[in-house]
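Please see the structure below; I have some questions.
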Amino acid sequence: MIQNNSPKLLKDSFNRVARKLRISVTDKCNMKCIYCMPNGNVKWFDNKEILNFQEIVRITSIFAQLGITKVRITGGEPLLRPSLENLIRDLTKIQNIKTISMTTNGILLEDKINQLKSAGLNALNISLDTFREERFRTLNGISNLNKVLNGIQKASELGFKIKINTVIIRDWNDDEIINFVKFARDTKLSIRFIEFMPLDGSGIWNYNLVVTKQEIIKKIKSDFHNVISFDEHNNSSSFQSDPATVYNFDDGKGKIGFISSITEPFCSNCDRVRLTSDGRFLTCLFEKEGYDLKKMIRNAKTDQEIMDYILSSHTKKPEGIVELIRINGLRPTLNLMHTIGG
Ligand code: SAM
Ligand code: SF4
């Protein structure tokens, strides 16, 4: 542990301070979502390229000394990583880390939820893009929608804080928006509609496939005609840094959020950084190579040296997707979501 009497924060040249770390524990996945995975056979990282738990915990402790307080475990599919509960347990012991959450596709959730709970996991984001088994197969590349739904059910019974992540893609699942709203209202789970980003491995992304927040709101308003109206002033997203803008319904039943990275990017409030499963520090989703922390660890660098490297790298954090939009630089496959961890 570094003696740190005057803590340094991860502040970039746009004056943003990082508070959240997303840790991808694997690039492997048991799904093949059309908006994420490359086509054909995917070449996964070799096991020896992947950080072991001890390395992840050491790097996270250094980030914690730099002001990171929240950790999200992601992937690929994080639940494919064997004994993940041991990592979660160790992360909960790091001073300054207040919450540990996970983003998962939910396929293995039912089987692992009890271990996750006892290890100290606080919250779950579960991805769900359709309620139709056949569509699930074409959109997510696997059968067994029921496993995901059972996972959601079991996680809510165990009292987990749950958000559902839903990527809406034109002509693929935009006809289910209202069903998702009904689901949010019936289950009281928060649904977050995510605009399709050019982080697709298959190269299908284009603007026409993006169903925008405004389109979705219009659709919901017209469907619930006069019964439900949105109240933007009731926006319960109390943290400026939350990428989702959250809307309540007039009758107080249910909540929906929007992550509108294409039409309303939140880059100016971004407070997150990422650690890839092969040990690269990414300051932005759209950063390709990042900064190799694994090499430092495996070359016996000290915590202080790693901390200094993280601090100096972070000052170079790019402005983000907002800049790409400004220069008309969006195109398919700008980065590979399954290797970064969304
Ligand atoms: N496998 C886990 C899952 O699907 O929840 C965690 C990793 S996944 C990369 C994290 C989140 O990124 C998911 O909610 C997924 O829907 C979202 N995502 C993946 N590709 C995306 C894209 N091109 N645009 C927007 N969101 C995307
Ligand atoms: Fe796998 Fe998640 Fe990507 Fe779907 S979004 S392919 S579940 S990593």
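Over all distinct alpha-carbon pairs, what is the Kirkwood Rh of the chain in angstrom? Could the numbers behind the result be given before it?
Values: mean 1/r = 0.0484 Å⁻¹.
Hydrodynamic radius (Kirkwood, Cα pairs) of the chain is 20.6 Å.
Gaussian network model of the chain, Cα springs within a sub-10 Å range: biggest mean-square fluctuation belongs to which of Ser312, Ser202, Ser260?
Top of the fluctuation ranking is Ser312.
For Lys253, list the lysines whose Cα falls under 23 Å from its own Cα; do not include residues on the same chain fewer than 8 positions away.
Within reach: Lys154, Lys161, Lys163, Lys182, Lys188, Lys213, Lys218, Lys219, Lys221.
Let me check I've understood the local charge: for Pro82, count other residues with C-beta under 12 angstrom from its C-beta, Lys and Arg +1, Asp and Glu -1. What total comes out? Mind showing how you got there, number by number?
Values: positive: Lys28, Arg81, Lys112; negative: Glu85.
Here the count lands on +2.
Multiply the residue separation of Gln304 and Asn114 by 0.36 nm, subtract the distance between their alpha-carbon atoms, and state the gained length in nm to one decimal. The partial results should precede the final answer.
Details: separation 190, 0.36 × 190 = 68.40 nm, distance 3.71 nm.
Stretched out fully, the Gln304 to Asn114 stretch lengthens by 64.7 nm.
Here is a further query. Can you compute the label reach from Gln95? Point 7 Å from Cα along the Cβ direction, backbone N cut-off under 13 Å, restricted to region 47-75.
Residues 61-62, 64-67 qualify, since their backbone N sits under 13 Å from the label point.
Rank Asn208, Asn269, Asn96 by mean-square fluctuation in a GNM of the chain with C-alpha springs under 10 angstrom and give only the top-ranked residue.
Looking only at Asn208, Asn269, Asn96, the biggest GNM fluctuation is shown by Asn208.
Next up: Using label points projected 7 Å from each Cα along Cα→Cβ, tell me how many nm separate Lys161 and Val42, to one decimal.
Roughly 2.8 nm, to one decimal.
Applying a 10 Å radius around every beta-carbon, put 281-287, 126-132, 320-326, 48-54 in order of their mean neighbour count, most first.
My ranking of the peptides, most packed first, is 281-287, 126-132, 320-326, 48-54.
Taking the highest mean first, how do the peptides 273-280, 9-16 order by number of other beta carbon atoms within 10 angstrom per residue?
Descending mean neighbour count gives 273-280, 9-16.
Report the full-extension gain for the segment Gln214 to Arg331: residue separation times 0.36 nm, less the Cα-Cα distance, to one decimal in nm.
That works out to 39.9 nm of additional length.
Between Val57 and Asp175, what's the calculated FRET efficiency when r is the beta-carbon distance and R0 is 56 Å? Round to 0.05. Walk me through the numbers before you get to the answer.
Details: r = 45 Å, r/R0 = 0.79.
FRET efficiency, Val57 to Asp175: 0.80.
GNM, the chain, Cα, under 10 Å: largest mean-square fluctuation among Gly203, Gly141, Gly329?
Gly329
Give the relative contact order (percent, whole number) for region 20-340; include only Cα pairs under 8 Å separated by 6+ residues. Show your work: numbers first, answer last.
Values: 607 pairs, mean separation 66.8, N = 321.
Here the relative contact order equals 21 percent.
Using only the Cα atoms of region 1-95, what do you get for the radius of gyration and for Dmax, in Å?
15.9, 52
Indicate, rounded to the nearest 5 percent, the antiparallel portion of the DSSP beta bridges found entirely in the chain.
Details: 11 of 43 bridges.
Within the chain, antiparallel bridges account for around 25 percent of the total.
A short reminder: the numbers here are calculations on the coordinates, not readings from a lab. A quick note: this is a predicted structure, and the numbers were derived from the prediction, not measured. All Cβ positions, even for glycine, are placed from backbone atoms using ideal geometry, and neighbour counts span all protein chains on display.
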